[in-house]
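This report concerns only the one structure given below.
None of the figures in this text is laboratory data; all of them are computed from the coordinates on show. What you are looking at is a predicted structure, and each value in this text was computed from that prediction instead of being measured. Note that we place each Cβ from the backbone using ideal geometry, even for glycine, and neighbour counts take in every protein chain shown.
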Amino acid sequence: MVTTNTNPTLILGAGPAGLAAGYYLSHSGFRPLLLEAADEPGGFARTYTHREFRYDAGAHRFHDKDPEITSDLKRLMGPRLLHARAPSQICWKNTFLDFPLSPLDLIIKMGVGDISRAAWDLVRARCSRSKEQDHTLETQALHRYGKAIANSFLIGYSEKLWGVPANRLLPEVSGGRLKGLTARTVFYELVKGKRSKTAHLDGSFYYPRNGYGEIADHLAEAIGRDNILTRRTISRISHDRGRLVSIHIDGVTLDADEVVSTLGPLRFLSLLDPKPPRDILDAASSLKFRDLLLVVVFLNRPRVSNNASIYFPSLQFPFTRLHEPKNRSPEMAPPNQTCVVVEIPCFPNDPICLLPHHVIAENTIEQIESLNLFKGSEVIDTKIHYLSSAYPVLEIGSEALVESVMNYLRGFENLHTVGRAGRFEYKHVHDLMKQGKELAARLTDRHSPSASRDSE
Ligand SMILES: Cc1cc2nc3c(=O)[nH]c(=O)nc-3n(C[C@H](O)[C@H](O)[C@H](O)COP(=O)(O)OP(=O)(O)OC[C@H]3O[C@@H](n4cnc5c(N)ncnc54)[C@H](O)[C@@H]3O)c2cc1C
């Protein structure tokens, strides 16, 4: 238990990263105080409600990648956490293929001509493969999967999602999207059929009954709602001799002992007083974020499909993904109705962002109708959300910029950065929980009585 700190640990931002840090810190005896600009905590991992529907800010699932963090989450959520099972598909030339790609399904649905070309490309790519060349998403995809598969399913999709040519994107952005397509899965599926798919590929994942935002709600309850100040925008962060001294919000000044920031680099740096050096500000302003338009379509029909998500690599559509919340938890929509959430990645000045919302909704409905997923006459309502800075764009050169910004921030001895924007990393909620847990352990060590004796 920590006994030395008197002021609360200030946490800037109450998205999953800030909440996770607050949760683990309070378990370690710290007193966290979260400062959040929005009207409620949760960041991009919150769940919206409209009429009798619930939906998340884009397709979310809890990835069971770290047993210790998964068991922490199970303890936190208890019976509210469902073990969901729902497959996903990818829309390719107006047919729907299993996703992640399954070799057997590809053979059945692509036809002999296309699949032989793809197989030939794959063999050639594997023979000429050199891992050293895999330093962009494009080269990695071409070497790993061959031209036909890479172009059809990964390269165009990634360019649409990130808004940058694939030969400028770092391989990390693929997020393991074609993981299922390995020599091993080809063999097992051909010999044993689809049932041989691995647990990761069969579409099982954790998901809270009332939407992904319930994770944020449980973290917030555990921290104590009184320790989370919402609708508070930070206006200035004063610093002196390598320490953050105070945080200014709405005319109030809070003394800073330890500060945890989840804010994006530019946002954080532009609040600093005195201002950071010009080259650091320039580096932070060169880091790009991708925004997302969410089009939510509410439907008078029980279901659209049984998929968790459907992916759209074709450039014919502006959207990359659609998800049907009801297939994650039945409590997301009334029994005879459903809704779909369509994700359109964009930058703020893209032509699509300048269209009136009703036009964006009408166009989206028309495009999805053309795929026979639902009929226009079944639409009962629509809603549009604009998510600013949803994804950090990891492109060639961004690593050096991030390093120089982080190096500058490491110069503040009482500042700790966590989070997707905070560290400019493509991370998920289980990663952010891990970051929070590791931070709490580090701060516990730092504030333990023996650490103060050692430093004397
Ligand atoms: C479409 C989409 C799908 C995703 N799918 C998954 C998934 O399936 N599984 C998964 O684990 N993760 C998923 N994620 C990622 C997950 O939502 C993010 O990792 C997470 O939201 C990032 O958390 P964060 O706390 O770092 O940042 P954010 O969620 O961005 O939270 C930052 C918070 O800081 C607040 N803030 C900003 N500026 C200020 C200021 N000046 N003063 C006070 N407060 C401020 C914001 O209001 C916000 O609440 C997805 C994300 C998106 C966008």
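Database remark: amide H of T417 closer than 5 angstrom to the amide H of S261 (H placed geometrically; neighbours at sequence offset of 5 or more, or on other chains; Pro and chain starts carry no H).
3J(HN,Hα) along region 150-165: 4, 5, 5, 10, 10, 5, x, 4, 5, 5, 5, 5, 9, x, 9, x Hz, from the Karplus curve 6.51 cos²θ - 1.76 cosθ + 1.60 with θ = phi - 60°, whole Hz, x for Gly and Pro. Placing a pseudo-label 7 Å from each Cα along the Cα-to-Cβ vector at R31 and Y386 gives an inter-label distance of 4.1 nm.
Angle, helix 103-127 long axis vs. longest principal axis of the chain, Cα atoms, 0 to 90°, nearest 10? Once rounded, one gets 70 degrees.
Electrostatic bookkeeping for Y212 treats Lys and Arg as +1 and Asp and Glu as -1; over the other residues with beta carbon under 9 Å from its beta carbon, the sum is +1. Counting charges near L161 (Lys, Arg +1; Asp, Glu -1) among other residues having Cβ under 9 Å from its Cβ returns a value of +1. The angle between the Cα long axis of helix 398-409 and the longest principal axis of the Cα atoms of the chain comes to about 20 degrees, rounded to the nearest 10. Extension gain for R243 to E425 (0.36 nm times residue separation, less C-alpha to C-alpha distance): 63.1 nm. On the principal axes of its alpha carbon atoms, region 289-392 extends 39, 27, 23 Å, with the longest extent given first.
The trypsin sites (Lys or Arg not before Pro) of region 48-113 meeting both criteria, a DSSP state outside H, G, I, E and B (loop) and at most 14 other C-beta atoms within 10 angstrom of the site's C-beta, are R51, K65, K93. Helical content alone sets the calculated 222 nm signal of the chain at -10500 deg cm²/dmol, taking -39,500 (n - 2.57) per DSSP H segment of four or more residues and averaging over every residue.
Per residue, the convex hull spanned by the Cα atoms of the chain measures out at 165 cubic angstrom. Full extension of the chain segment joining D279 with K109 gains 55.9 nm, where the gain is 0.36 nm per residue of separation less the Cα-Cα distance. Counting only alpha carbon atoms, the long axis of helix 429-447 and the longest principal axis of the chain meet at about 20°.
Between C346 and D291, L292, L293, the built amide H atoms are under 5 Å apart, and every one of these is 5 or more places off in sequence or on another chain.
Subtracting the Cα-Cα distance of L76 and S450 from 0.36 nm times their residue separation leaves 131.5 nm of extension gain. Between the amide H of Y48 and those of Y55, D56, A57, distances stay under 5 Å, these residues lying 5 or more places away or on another chain, with hydrogens modeled in the peptide plane. Qualifying trypsin sites (Lys or Arg not before Pro) in region 352-456, where qualification requires a DSSP coil assignment and no more than 13 other C-beta atoms within 10 Å, comprise K375, R410.
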